[in-house]
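Okay, structure first, notes after.
The values are calculated or read from the model by the stated rules, or taken from the named source; none is laboratory data. What you see is a predicted model, and the numbers here were worked out from it, not measured in a lab. Here the Cβ is made from the backbone with ideal geometry for all residues, glycine too, and neighbour counts use every protein chain on show.
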Amino acid sequence: MTQTPPAAPNKKAVTDEAVLRSRAYFAGDWHAGQQTFGVIHPGDGRTLGAVADCTAEDARAAIDAAEVALRGWRAVTPYERGQVLRRWHDLMFVHKEELARLMTLEMGKPITETRGEVHYAASFIEWCAEEASRIGGERITMRAGNKRGFSNAEPVGIVYAVTPWNFPAGMITRKAAPALAAGCVMILKPAEQSPMTALYLAELWLEAGGPANTLQVLPTNDAASFSAPFMEDARVRKLTFTGSTAVGRLLYTQAAKTLKRVSLELGGHAPFLIFDDADLERAAREVVGSKFRNAGQTCISTNRVYVQRGVAEEFTRLLSERAARLTLGDPLQDGTNVGPVVEQAGLDKVTAQVQDALARGATATVGGQGTGGLYFQPTVLTNVHPDSLILREETFGPVAPVVVFDTEEEALRLANASEYGLAAYAYTRDLSRAWRVAEALEYGIVGINDGVPSNGAPNVPFGGMKNSGVGREGGHWGLDEYLEIKFISMGV
Ligand code: NAD
């Protein structure tokens, strides 16, 4: 991260019309689509516009175009590919305010957070722009004196990417940047809730000098039918997916038919452990950040708070005070901390989990209900019964259930009793305990005295164990997912 963005982040006011997009980009052109589907602003339910609804036939055209584009792009030197990526990164800052507004319009994340997401999303492009020129291989010493060995890193080929709505830009660049740096070409199917951000990014990629069809973006309202051609076509060599565990598992099975390389970033159910020697003020602040950011709709969002008995009362008070100070409201306003959830199904799930916990004897020290539209109050629950749904199922909403524990052993048992293994957090000042806990947590990402371990860090491995996924994104681990290693032996 050596360079700074070229333009000061623009905070000029932008109109909705200036940022909304509708046409799909594939087979070398922008297509209005024979059919369209509406994109809704969760903040007030209004329809923002209609987007091309791509079909299986469009998918096949995109694969054909990608096959041609791949031949050209993989032949471009990694150094030159890095330069295109660098321009793409810079353009994101030129259009920072537009991108932020578009994301807030599409999925309701507060505008201060979507501005941050532009930085986060761009950081993957910057890192990969620099790393591209370091893609190469190794000389291998052979046992036979008359042979020379080499490993050669080569692009995997055509990549099919499927992304969620909760980080409309970040979840795309975390895949597209390493894929394009590696010399792969990508066909992206964005979430139906946030297709316009994806189209905007494709536009910027072309403006940066990205060759035709190296990054094609096809929105659709029928993900299953649209995806079928990719899963069946042996020319598509990789599937990269971020979303729910249920859909990830389905695509994993489908990808087996043509033995594609697969990366899956799936659901989570993060525990946050607070031991009695913790800095409680800081822990409370970070639980609030981890839990209520993006209205709790983050895969690494804290889902269960476990606090040691001796500090439980004090910690719950601090947490409740902070949660009560959060401003729930219009995500387009600068002062808003918590916006709406993305859609009715999400709100229904949050409401059902809270009602279930309350029915089993929990108390809401803050919040506890919806306030109309897709808004749900930032909520803290105490006395949560162990059988409560909220302690087992991903919430994806602004609710923090607090559970008391007595010993480290008990805390670890509770934390690991989950089908998920994405992120976990622990607060303690005891160095030995910090290591013991970090090593014992069955999670791909562990924050010790850190509630935002991957914030602003495009170079760290991001991914889950168990039902949270396969593979890692970020850093060289993320780049490796798009490279095949060829062994070359040469007789002399
Ligand atoms: P989702 O699985 O419903 O949708 C994700 C994507 O899959 C969307 O683009 C959707 O259109 C597509 N899809 C749905 N059914 C499909 C099918 N049959 N075939 C092909 N594609 C299909 O998930 P969501 O609700 O949009 O996203 C939230 C989930 O994503 C949460 O579980 C969250 O934890 C997870 N997530 C994980 C990470 C991570 O890095 N591990 C990051 C963000 C979100």
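Descriptive notes on the structure:
- Residue within segment 84-104 that is small (Gly, Ala, Ser), in the same structural domain as Leu204 (by TED's automatic domain parsing) and farther than 24 Å from Glu126 by Cα present: no
- Considering Ser489, Ser432, the condition of being surrounded by fewer than 16 Cβ atoms within 10 Å (Cβ to Cβ), over 22 Å from Gly267 (Cβ atoms), touching a Lys or Arg at 6+ places or on another chain (Cβ under 6 Å) and not hydrophobic (A, V, I, L, M, F, W, C) is satisfied by Ser489 alone.
- Pairing residues of segment 224-242 that are closer than 16 Å to Cys184 by Cβ with residues that are within 11 Å of the ligand (Cβ to nearest atom) and basic (Lys, Arg), at Cβ distances under 6 Å and at least 6 apart in sequence or on separate chains, gives Thr240/Lys175.
- The residues of segment 132-169 that are among the aromatic types (Phe, Trp, Tyr) and either touching a helix residue (DSSP H, G or I) at 6+ places or on another chain (Cβ under 7 Å) or outside the structural domain of Arg71 (by TED's automatic domain parsing) (or both), listed by number, are Tyr160, Trp165, Phe167.
- Where strands (runs of 3 or more DSSP E) sit wholly within segment 315-408, those with at least 2 residues that are among the hydrophobic types (A, V, I, L, M, F, W, C) and over 30 Å from Ser194 (Cα atoms) occupy 363-366, 399-405.
- Qualifying residues in segment 241-270 (those that are in a strand (DSSP E or B) and either assigned by TED's automatic domain parsing to the domain that holds Asp430 or within 11 Å of the ligand (Cβ to nearest atom) (or both)) - the one nearest to Glu408 (Cα to Cα): Ala270
- Being assigned by TED's automatic domain parsing to the domain that holds Leu358, surrounded by fewer than 17 Cβ atoms within 10 Å (Cβ to Cβ) and among the small types (Gly, Ala, Ser) holds for only one residue in Ala423, Ala411, Ala417, Ala400, and it is Ala417.
- Cβ pairs under 9 Å, 6+ apart, first in segment 287-315 and over 21 Å from His385 (Cβ atoms) and not assigned by TED's automatic domain parsing to the domain that holds Thr382, second within 14 Å of the ligand (Cβ to nearest atom) and at pLDDT 95 or above: none
- So Phe230, is it assigned by TED's automatic domain parsing to the domain that holds Gly447, of a type in the set (Phe, Trp, Tyr) and either assigned to a helix (DSSP H, G or I) or farther than 15 Å from Ala426 by Cβ (or both): no
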